[in-house]
Amino acid sequence: MKAVNDAHKSEYDQKPEIVVKSPGRFHLIGEHSWFFKDKTLSMAVNLPVYVAVSRRQDTSIKFYFHQLNERKRASVNSVKYKKEDRWANAVKCIIYGYICSGYDLSGMNITVYSEIFPSAGFGITTAIKASTLIAIKNLFKFDCTEEDLLAVFERANKIFLQQNNYIADNFSALFSKKGNFIITDHTKNTWDYIPFNFTDKKIFLIDTKVPRISVWNEDSIFEPQYALLLGDLRESKQNAYGGWQYINNVTDINEELSVVSEDVRRKLLSVMHEHNNLLEARTGLEKTDFFKFARAINKSHETMRDMYEISCPEIDWILKRVGELEPNLDFITNPVSCGRITGKGFGRCLYVIIRESDVEKFKAKLTEFEKIFGYQTACYEVTPSEGASVVID
């Protein structure tokens, strides 16, 4: 914390008036299902992003990313998107979101402090936005409800950045609770918590550094007619979490999806499987049944690999080694570890959940991976963490 204060004071010759910390994040299941109004299971992680802010006497806004040693600038009267501003656009979009929501701002000095760069993924860009959102709210003492803050977030993403507003990202950064995963229900625009109570397990987030390659355009299945097809395959079920699930009658499913190409059919089926996997994973967490939870996670990766087609051989190699940490064949159907690709896919990042006793063996497998494939991985032990919070007020 002292390092954040010192960085801001060194850059601007004044102490920050407020510092906000927001967590990094990854999605366990369902990050590709938002368009179809399904659910996403996420985890805020202890890879924090700090944003320190102090007021200026003019309308200028200065941005400083300490670890990158980069500086950008703008004005309250002219906040514009610039491709070359990269990380600073995450700060500027929130400022714009406040301005176009009718809030009055003055000039600011802003410091971003993060050991993990936005290019790694892990929700770092969203964490910058969330920290900026809360910092500005508290700095100017705006009377904002949660709905008001989410509206600022949405305008920042949709209007300024011209991007989709992924509410699972926003909820994870803002509202996560320590020791819990967070579930976003895209049908209801709500979030819920589910505890992670497996004290003998360790969670690792791995950046394989494998370049992302666009195998296919994911937006190609985000079409209204496909959403309508999946909507017709839902059935109300009171005892199902969220009140519904996809039907499991193969004949009805095949008939409904017969109007699309085989490739689209596989992708839509994978979305249906993802929802079922999420419900199974949640049940496993709720009943403290790791076998059930792990089976759902492993099945989800198989779906992402074989049907949604976003994995790559390097990630599959690591996850296969995870499955081999326990040689006892009895654990094939009752796995003691699990893992899955996470994020945009087509390469790069994955997570694993393993026994504490297997940590050194797993790290040895990562070393072997680096020798075979030539990529230097970054591996982080993570825990379910709190959402955005004020550190200095």
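The values are calculated or read from the model by the stated rules, or taken from the named source; none is laboratory data. Computed from a predicted structure; not experimentally measured. Using ideal geometry, Cβ is built from the backbone for each residue, glycine included, and neighbour counts are taken over all protein chains shown. What goes into the accessible areas is simple: the full protein's heavy atoms, side chains included, and nothing from ligands, DNA or RNA. Shrake-Rupley method; radii C 1.70, N 1.55, O 1.52, S 1.80 Å.
For every residue, the table says whether it meets (1) within 23 Å of the chain's Cα centre (by Cα); (2) more than 19 Å from LEU139 (Cβ to Cβ).
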| site | (1), (2) |
| --- | --- |
| ARG71 | no, yes |
| VAL79 | no, no |
| TRP87 | yes, yes |
| LYS92 | yes, no |
| ILE99 | no, no |
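In this structure, GLY339 does satisfy being in contact with a Leu (Cβ under 6 Å, 6 or more places away or on another chain) and either among the aromatic types (Phe, Trp, Tyr) or closer than 23 Å to VAL271 by Cβ (or both).
Here GLN67 meets the list (1) within 25 Å of ILE167 (Cβ to Cβ); (2) open to solvent by 10 Å² or more (accessible area, probe 1.4 Å) almost entirely, failing just condition (1). How many residues does segment 332-353 contain that are of a type in the set (Lys, Arg) and either farther than 23 Å from SER33 by Cβ or open to solvent by 10 Å² or more (accessible area, probe 1.4 Å) (or both)? So the count comes out to 2. Annotation for segment 21-39: no member residue is over 21 Å from the mean Cα position of the chain (by Cα), under 22 Å from LYS2 (Cβ atoms) and open to solvent by less than 20 Å² (accessible area, probe 1.4 Å). If you go through segment 158-169 and keep only what is in a helix (DSSP H, G or I), touching a residue at least 12 places away in the same chain (Cβ under 8 Å) and surrounded by fewer than 23 Cβ atoms within 10 Å (Cβ to Cβ), you end up with ILE159, PHE160, ILE167. The number of residues in segment 123-139 being touching a residue at least 24 places away in the same chain (Cβ under 8 Å) and open to solvent by 20 Å² or more (accessible area, probe 1.4 Å) comes to 3. Selection of segment 369-393 for residues being open to solvent by 20 Å² or more (accessible area, probe 1.4 Å), more than 25 Å from ALA168 (Cα to Cα) and touching a residue at least 24 places away in the same chain (Cβ under 8 Å) yields ILE372, PHE373, TYR375, GLN376, THR377, ILE392, ASP393.
Scanning segment 108-122 for residues that are open to solvent by 10 Å² or more (accessible area, probe 1.4 Å) and part of a loop (DSSP other than H, G, I, E, B) gives GLU115, ILE116, PHE117, GLY121, PHE122. Just to verify a result, which residue in segment 310-323, among those that are touching a Ser or Thr at 6+ places or on another chain (Cβ under 8 Å) and within 18 Å of ILE203 (Cα to Cα), is surrounded by the most Cβ atoms within 10 Å (Cβ to Cβ)? Among those residues, the one meeting the criterion is ILE315. Only one of the numbered conditions (1) surrounded by 17 or more Cβ atoms within 10 Å (Cβ to Cβ); (2) out of contact with any helix residue (DSSP H, G or I) (no Cβ under 8 Å at 6 or more places or on another chain); (3) under 30 Å from GLY121 (Cβ atoms) is not met by ASP219, and that is (1). Could we say that SER10 is open to solvent by less than 70 Å² (accessible area, probe 1.4 Å) and of a type in the set (Gly, Ala, Ser) here? Judged against the criteria, SER10 is not a match.
Across segment 329-364, the qualifying residues are those that are hydroxyl-bearing (Ser, Thr, Tyr) and more than 16 Å from LYS202 (Cβ to Cβ), and the one among them that is modelled with the lowest pLDDT is THR333.
Return yes or no: is PHE142 crowded, with 19+ Cβ neighbours inside 10 Å and assigned to a loop (DSSP other than H, G, I, E, B)? So PHE142 fails the test. Give segment 48-64 a look and list any residue that's open to solvent by 20 Å² or more (accessible area, probe 1.4 Å) and either of a type in the set (S, T, N, Q) or touching a helix residue (DSSP H, G or I) at 6+ places or on another chain (Cβ under 8 Å) (or both), or say none. If the condition is that a residue be open to solvent by 20 Å² or more (accessible area, probe 1.4 Å) and either of a type in the set (S, T, N, Q) or touching a helix residue (DSSP H, G or I) at 6+ places or on another chain (Cβ under 8 Å) (or both), then PRO48, TYR50, ARG55, GLN57, THR59, SER60, LYS62 are the ones that fit.
Per this entry, LYS201 is not counted among residues that are of a type outside the set (A, V, I, L, M, F, W, C) and open to solvent by 40 Å² or more (accessible area, probe 1.4 Å).
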